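The values are calculated or read from the model by the stated rules, or taken from the named source; none is laboratory data. Small disclaimer: the values here were computed from a predicted structure and weren't measured. Neighbour counts are summed over all protein chains in view; Cβ atoms, including those assigned to glycine, are modelled from backbone coordinates with ideal geometry.
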Amino acid sequence: MLLIKNGNVFLGGGRYEPGWDILCDGPLIHAVGPSLPAEGCDVIDAAGRNVYPGLVLGLCAVGGISFSEMWSGGPDVDEAVVPVCPEMDVRHAFDLRELKLQRFGRAGITSYGLCPGVSALLAGQVALVHVDGDHTADVFLAQRIALKGNFTHVVKEAFQKAKIAPQTRMAMFHMLDETFRAAQEYMEKDEKDYDPGKEVLCRVLRREIPLVITAETQSEVESVVEIGVKYDLRLVIAGAYGAANVADEIIRRGWHVMLGDSSYMTAGLRGHTDLRQMVELYRRGMNLSIFCSGDEGYPPAYEQLLWVATQMSSAGATGDEIMEMMTINPARALGVDTLVGSLEPGKQADIIICKGNPAVRFDNFVDHTIVGGRLFFTREGAQ
């Protein structure tokens, strides 16, 4: 058992409890409160430091893009010649050797939504992954938790190269609409031949799992919103730099927005986005989280994530608001908030201990990262 004692424990909603303890029993949090018993425990004294949930990166391709695969035919995570493949399971693209997992722990990221790539219109199913584990099976906390889609210029470029549809945004919309219409007909049939792709789409239509779809510009977001309204989906819009102008519909339907870089082309969009407006929308009730997919590999995804965080801070978001955008909010977006995202008994013991809030300043270093109840990282010189 592991006991973190005397920390300034963040419980969300701007609430901290100074001098509280967290008791971890195996991979789970057993108790949170003052003066918990230390007998038989390994102890980390967190006096004078903040204790947060481990950061949850909502979407990321790391682990599906490994250096060995890049030299042998490209990443296994991106199916770039089949535009609609919802049955694909990202678990079979994962490579435990991916070195970036180690960097994640140092930055305080303890879990992430491992997602298929950016080329296919409907690219496959998302899994929740831990950043620590001895075997591939160890790191998968939850599988097939969402369907990943893409509605950006990257889809057009991929299939222009492949010389098949869709090669325009209007063709992308038509294909997406027809795919869900056909799945709806399939779902309503009493007798049917089993179709694994349509079975996944039926889970989306029944609102059992969300459709997490990248859309960056205002026109892309508007098209995705139209599909979400037509089929009454649980929608998570990723990238979403153009989401402000359709915010009322997004807020009204309780949809989630993951603001951040979904591909290498989005830096320019970020520069033309009024992040202060996004902070205001968050305070009006938008379900907002921040992410960076790491699809392009450089700079590392965790550096990009913290860069987006500091930009949100400059736009007026408080450190505690940004921390929720990197913990409980992405967990809720993916439907895994019973597992990760906050410091509560029964949840994964994913915990970071810092001298300040790393969402506000890069030099508020993470001193310790605990993943699934195991001490994964200790910064040199940290007590």
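For this structure, a couple of remarks:
- Complete set of residues in region 17-48 that are over 28 Å from the mean Cα position of the chain (by Cα) and in a loop (DSSP other than H, G, I, E, B): S35, L36, P37, A38, E39, G40, C41, A47, G48
- Any hit, region 69-92, residues being surrounded by fewer than 19 Cβ atoms within 10 Å (Cβ to Cβ), modelled with pLDDT under 90 and among the aromatic types (F, W, Y): yes
- Verdict on R276 being modelled with pLDDT under 95, in a helix (DSSP H, G or I) and either acidic (D, E) or buried (at least 16 other Cβ atoms within 10 Å of the Cβ) (or both): no
- Subset of region 284-300 (residues that are at pLDDT 95 or above, outside any loop (DSSP other than H, G, I, E, B) and either of a type in the set (A, V, I, L, M, F, W, C) or more than 23 Å from P210 (Cα to Cα) (or both)): L288
- Failed condition for I251, given (1) aliphatic (A, V, I, L, M); (2) out of contact with any helix residue (DSSP H, G or I) (no Cβ under 6 Å at 6 or more places or on another chain); (3) crowded, with 18+ Cβ neighbours inside 10 Å: (3)
- If only residues of region 143-183 that are β-branched (V, I, T) and touching a Leu at 6+ places or on another chain (Cβ under 7 Å) are counted, the one that is farthest from H92 (Cα to Cα) is T179.
- Of note, L339 does not satisfy the criterion of being assigned to a helix (DSSP H, G or I) and at pLDDT 95 or above.
- So A171, is it modelled with pLDDT of 95 or more and not hydroxyl-bearing (S, T, Y): yes
- When residues of region 310-325 are limited to those that are touching a helix residue (DSSP H, G or I) at 6+ places or on another chain (Cβ under 7 Å) and part of a loop (DSSP other than H, G, I, E, B), the one farthest from G12 (Cα to Cα): A315
- The residue list L101, L96, L36, L55 contains one member that is modelled with pLDDT under 85, surrounded by 16 or more Cβ atoms within 10 Å (Cβ to Cβ) and not basic (K, R), which is L101.
- For region 49-63, the tally of residues that are part of a loop (DSSP other than H, G, I, E, B) and either of a type in the set (S, T, Y) or more than 24 Å from the chain's Cα centre (by Cα) (or both) stands at 1.
- Which listed residue, of T327, T369, T318, T338, is without any contact (Cβ under 8 Å) to a residue 24 or more places away in the chain and either hydroxyl-bearing (S, T, Y) or touching a Leu at 6+ places or on another chain (Cβ under 6 Å) (or both): T338
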